[in-house]
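J.: Structure incoming, see below.
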Protein chains: 2
Amino acid sequence: MAEPDTVTVPASAEADTEPTSPFLRACGGLPTDRTPVWLLRQAGRYQPEYRALREKYSMLEVIRTPELAAQVTLMPIEAFGFDAAIVFSDILPPLVGMGLDLDFVKGDGPRIGNPISSTLDVDLLGTPPAEETMAGTLGAIALVRRELEPRDIPVIGFAGAPFTLASYAIEGGTSKDFSRTKAFMLSEPAAWKRLLGKLVTVQADYLLAQAKAGAQALQVFDSWAGRALGREDYLRYVAPYNRELFARVSSAGVPVINFALGVGSYLGEAAACGGDVVGLDWALPLDEAWERVGFERPVQGNLDPVALLAPWRELEFRIDDVLSRAGGRPGHIFNVGHGLVPQTPVDNVRRLVDHVRERTAS
Amino acid sequence: MAEPDTVTVPASAEADTEPTSPFLRACGGLPTDRTPVWLLRQAGRYQPEYRALREKYSMLEVIRTPELAAQVTLMPIEAFGFDAAIVFSDILPPLVGMGLDLDFVKGDGPRIGNPISSTLDVDLLGTPPAEETMAGTLGAIALVRRELEPRDIPVIGFAGAPFTLASYAIEGGTSKDFSRTKAFMLSEPAAWKRLLGKLVTVQADYLLAQAKAGAQALQVFDSWAGRALGREDYLRYVAPYNRELFARVSSAGVPVINFALGVGSYLGEAAACGGDVVGLDWALPLDEAWERVGFERPVQGNLDPVALLAPWRELEFRIDDVLSRAGGRPGHIFNVGHGLVPQTPVDNVRRLVDHVRERTAS
């Protein structure tokens, strides 16, 4: 699929009219008749139908085949009635188009066969357009949009932030201490600048292409900068690129969610990089985290996903705590503060969605 | 070695007299003629003499043999002249005495063969005295003390905090999301209380035994609570046990360092659990972190250990930044904010120690 299907309503056209779906209304800080809810990794291994499909296809096959990715994206919508669908993909495939060999090794996570280890490696990275390299995901977005448009359920596109992608590109996978990434950053500041610059180019283009393909909101995941770096390094080596990314993507005409995980004491600085909505992890109670980013900005979060492994009474207590801290203010999207874990009981996901809906219906 | 050797000066006797070593003076908030310096994991894989010894003995053999553990403890003292020696050990061996099977798997880290998976498992855990179960480390402390006493270089004992040990005991090793630990904590609150209570008993006894064996300071490592838990869960499921541990250990008559890694936005709450000195990770600049815990308390930190992989000019800039943020205030112990990584160049460690000494000599 070289060209994504066109969609019924181009994303740019609807930016001027007030949205009707609770999710998009909350993204705009508008009142809703109930709190919208979706969950990070709402499509995934905890679902039997997902596991069944993954027995037949590899992770990359699913991601690269629009029909399969769309099917997985829709699974949790059909099962639980979430208020938004996030296209099934991963943050790493855009690295493939840049020249890196990516594979997902069972039980071991992502692996890059030819990680960056020199400044020359950085210069050899390409920056091809997303339409050429990410056609599978763009096609899946178009398919999901067509399916969900009649039900007024928006589809969310996403991408990884530059530091997070750089860390995978340099470490070759996940990392305990990010020592290779940070050593490269400190030892080769000029090459670091070129690397993050290329990632901004590729990711901004990819996010804009997702909006063009039909995504009605975009989320940027910075999964590792907060874990890897102190605040001063974050401000010096990461924030300028995040700011540039959010600035470029603002032309998409759809709300952009800035989700920086584990930034802890510098949540305010991470949020200040941009985005319309701030995704919150579970480090702080929702009201305090919201205050730090400013009540004028909508927020998304922030239940600890492991709470879904607890007995219902405990889970219910925690859902209610998030909702009561949100205080019925407009601009709250209920979500977890990190992805659902594979052991999550399906039944708790169902009860969570129903409970948020019942508790917040006006 | 069932009984640790007696030491020249019992730890309890010297609590009443003002110490002379820069490290112990800084622990007491007293002025020093230069900033004392030691580094987390200053004995370890980055040293060729350590790697050579580890080719002959396993990790547990080194830890359990007083002469070997003492030898490794002294390696960085001889090589670089640090101002304190931390006994070579690991936070996990006390779990063996409680009934857990521990092994260190090459490249894969610690593994517990029979992790806790039920409330019965918790009830079966023993709490034998450290003199019986940790004789190797206690013996090593006595040997190191005897060796370093004439040079007025103090020896530090240490132990893991209850949550961190519980996470290994339940996960069976390191963890990405601590989902088993947290699920157990939320699902079995009564058993969690018993588990953490047993860990407090064992760890307090172990720390007191280390002081009795000759340790002149004690450090408590809470490596994972900050990564695993939001602030409210920390306050509810962790802080009471840390407070109890610090309260019991205060009777040792030696300074206690409270090092809670990755607590980010709740550094103040973690520090408030106790300890005379607060260990700081590298998330915040030293002066801001110090302000959060209160300038009246001595602090230890907080260079990012990966900075030792950078070229000397960059490393020097960062060392100077930490020192200038400390501002010459009494009560600063120079250290890294997390353990040295194995790729650390020996030469950078040497230059760091010399530089801190030269820069701060009055």
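J.: Inspect all residues belonging to region B:93-100 and state whether any of them is at positive phi and either without any contact (Cβ under 8 Å) to a residue 40 or more places away in the chain or buried (at least 24 other Cβ atoms within 10 Å of the Cβ) (or both). Steps first, please.
T.: We begin by selecting, within region B:93-100, every residue at positive phi; these are B:99.
Filter once more, keeping what is either without any contact (Cβ under 8 Å) to a residue 40 or more places away in the chain or buried (at least 24 other Cβ atoms within 10 Å of the Cβ) (or both): B:99.
The answer is yes, given that some residue of region B:93-100 is at positive phi and either without any contact (Cβ under 8 Å) to a residue 40 or more places away in the chain or buried (at least 24 other Cβ atoms within 10 Å of the Cβ) (or both).
J.: Right, next: From the residues in region B:250-268 that are touching a helix residue (DSSP H, G or I) at 6+ places or on another chain (Cβ under 6 Å) and in a helix (DSSP H, G or I), which one is farthest from the other protein chains (Cβ to nearest Cβ)?
T.: B:252
J.: While we're looking at this one, here's another question. Can you spot a residue in region A:204-221 that is within 14 Å of chain B (Cβ to nearest Cβ), over 16 Å from residue A:89 (Cα atoms) and either out of contact with any Asp or Glu (no Cβ under 8 Å at 6 or more places or on another chain) or not polar (S, T, N, Q) (or both)?
T.: The answer is no, given that none of the residues of region A:204-221 is within 14 Å of chain B (Cβ to nearest Cβ), over 16 Å from residue A:89 (Cα atoms) and either out of contact with any Asp or Glu (no Cβ under 8 Å at 6 or more places or on another chain) or not polar (S, T, N, Q) (or both).
J.: For residues in region A:297-318 being in a helix (DSSP H, G or I) and among the basic types (Lys, Arg), which is nearest to the other protein chains (Cβ to nearest Cβ)? Walk me through how you get there before you give the answer.
T.: Restricting attention to region A:297-318, the residues satisfying the condition of being in a helix (DSSP H, G or I) are A:305-309, A:312-318.
Those still in the list that are among the basic types (Lys, Arg) too: A:313, A:318.
Working: A:313: 10, A:318: 9 Å.
The extreme case among them is A:318.
J.: Please verify whether region A:345-356 includes one or more residues that are more than 14 Å from every other protein chain (Cβ to nearest Cβ), surrounded by fewer than 19 Cβ atoms within 10 Å (Cβ to Cβ) and part of a loop (DSSP other than H, G, I, E, B).
T.: no
J.: For residues that are under 19 Å from residue B:27 (Cβ atoms) and either aromatic (Phe, Trp, Tyr) or buried (at least 24 other Cβ atoms within 10 Å of the Cβ) (or both), tally how many sit in region B:297-308.
T.: We begin by selecting, within region B:297-308, every residue under 19 Å from residue B:27 (Cβ atoms); these are B:297-303.
Going one step further and asking which of them are either aromatic (Phe, Trp, Tyr) or buried (at least 24 other Cβ atoms within 10 Å of the Cβ) (or both), we end up with B:298-303.
So the count comes out to 6.
J.: Right, next: Considering only region B:222-249, state which residues are away from chain A (no Cβ under 14 Å), over 10 Å from residue B:162 (Cβ atoms) and charged (D, E, K, R).
T.: Once the filter is applied, which keeps residues that are away from chain A (no Cβ under 14 Å), over 10 Å from residue B:162 (Cβ atoms) and charged (D, E, K, R), region B:222-249 yields B:243, B:248.
J.: For region B:12-99, please list each of the helices (runs of 4 or more DSSP H) lying entirely inside it that holds at least 2 residues being within 24 Å of residue B:250 (Cβ to Cβ).
T.: B:22-27, B:94-98
J.: Right, another one. Residues of region B:211-249 being closer than 27 Å to residue A:281 by Cα, among the small types (Gly, Ala, Ser) and either touching a residue at least 24 places away in the same chain (Cβ under 8 Å) or part of a helix (DSSP H, G or I) (or both), which ones?
T.: If the condition is that a residue be closer than 27 Å to residue A:281 by Cα, among the small types (Gly, Ala, Ser) and either touching a residue at least 24 places away in the same chain (Cβ under 8 Å) or part of a helix (DSSP H, G or I) (or both), then B:223, B:225, B:226, B:228, B:239 are the ones that fit.
Here is a yes/no grid of residues against (1) on the phi > 0 side of the Ramachandran plot; (2) more than 19 Å from the chain's Cα centre (by Cα); (3) of a type in the set (Val, Ile, Thr):
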residue: B:158; (1), (2), (3): no, no, no
residue: B:177; (1), (2), (3): no, yes, no
residue: B:181; (1), (2), (3): no, yes, yes
residue: B:210; (1), (2), (3): no, no, no
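J.: A further question on this structure: Can you find a residue that is out of contact with any strand residue (DSSP E or B) (no Cβ under 8 Å at 6 or more places or on another chain), within 22 Å of residue B:28 (Cα to Cα), surrounded by fewer than 24 Cβ atoms within 10 Å (Cβ to Cβ) and not aliphatic (A, V, I, L, M) anywhere in region B:157-176?
T.: The answer is no, given that none of the residues of region B:157-176 is out of contact with any strand residue (DSSP E or B) (no Cβ under 8 Å at 6 or more places or on another chain), within 22 Å of residue B:28 (Cα to Cα), surrounded by fewer than 24 Cβ atoms within 10 Å (Cβ to Cβ) and not aliphatic (A, V, I, L, M).
J.: Looking at (1) modelled with pLDDT of 95 or more; (2) crowded, with 20+ Cβ neighbours inside 10 Å; (3) within 12 Å of another protein chain (Cβ to nearest Cβ), find the lone condition where residue A:277 falls short.
T.: Only one criterion in (1) modelled with pLDDT of 95 or more; (2) crowded, with 20+ Cβ neighbours inside 10 Å; (3) within 12 Å of another protein chain (Cβ to nearest Cβ) is unmet by residue A:277, namely (3).
J.: Quick one: which residue in A:271, A:283 is crowded, with 19+ Cβ neighbours inside 10 Å, of a type in the set (A, V, I, L, M, F, W, C) and over 23 Å from residue A:31 (Cβ atoms)?
T.: On the way: A:271 fails: over 23 Å from residue A:31 (Cβ atoms).
Going through A:271, A:283 in turn, the sole match is A:283.
J.: Can you go through A:41, A:64 and tell me which one is closer than 30 Å to residue A:174 by Cα and either among the aromatic types (Phe, Trp, Tyr) or within 16 Å of the chain's Cα centre (by Cα) (or both)?
T.: Numbers: A:64 fails: either among the aromatic types (Phe, Trp, Tyr) or within 16 Å of the chain's Cα centre (by Cα) (or both).
Going through A:41, A:64 in turn, the sole match is A:41.
J.: Shifting gears a bit: Please go through region B:287-296 and give me each residue that is surrounded by fewer than 24 Cβ atoms within 10 Å (Cβ to Cβ), in contact (Cβ under 8 Å) with a residue 24 or more places away in the chain and more than 10 Å from chain A (Cβ to nearest Cβ), ordered by number.
T.: Answer for region B:287-296, where residues must be surrounded by fewer than 24 Cβ atoms within 10 Å (Cβ to Cβ), in contact (Cβ under 8 Å) with a residue 24 or more places away in the chain and more than 10 Å from chain A (Cβ to nearest Cβ): B:287, B:293, B:295, B:296.
J.: Taking the condition of being more than 10 Å from every other protein chain (Cβ to nearest Cβ), surrounded by 20 or more Cβ atoms within 10 Å (Cβ to Cβ) and not in a strand (DSSP E or B), how many residues in region B:324-339 meet it?
T.: 2
J.: A further question on this structure: Could you tell me how many of the residues in region B:101-144 are surrounded by 14 or more Cβ atoms within 10 Å (Cβ to Cβ) and either among the basic types (Lys, Arg) or part of a helix (DSSP H, G or I) (or both)?
T.: 17
J.: Can we say residue A:147 is in contact with a Leu (Cβ under 7 Å, 6 or more places away or on another chain), surrounded by fewer than 24 Cβ atoms within 10 Å (Cβ to Cβ) and over 27 Å from residue A:234 (Cα atoms)? Outline the logic, then answer.
T.: On the way: in contact with a Leu (Cβ under 7 Å, 6 or more places away or on another chain): yes; surrounded by fewer than 24 Cβ atoms within 10 Å (Cβ to Cβ): yes; over 27 Å from residue A:234 (Cα atoms): yes.
For residue A:147, the condition - in contact with a Leu (Cβ under 7 Å, 6 or more places away or on another chain), surrounded by fewer than 24 Cβ atoms within 10 Å (Cβ to Cβ) and over 27 Å from residue A:234 (Cα atoms) - is met.
J.: Tell me whether region A:166-189 contains one or more residues that are among the hydrophobic types (A, V, I, L, M, F, W, C), away from every other protein chain (no Cβ under 14 Å), outside any loop (DSSP other than H, G, I, E, B) and touching a residue at least 60 places away in the same chain (Cβ under 8 Å).
T.: Yes, there is a match, as at least one residue in region A:166-189 is among the hydrophobic types (A, V, I, L, M, F, W, C), away from every other protein chain (no Cβ under 14 Å), outside any loop (DSSP other than H, G, I, E, B) and touching a residue at least 60 places away in the same chain (Cβ under 8 Å).
The values are calculated or read from the model by the stated rules, or taken from the named source; none is laboratory data. Because the structure is a prediction, the values reported are computed rather than measured. Here Cβ is always computed from backbone atoms with ideal geometry, including for glycine, and neighbour counts include all displayed protein chains.
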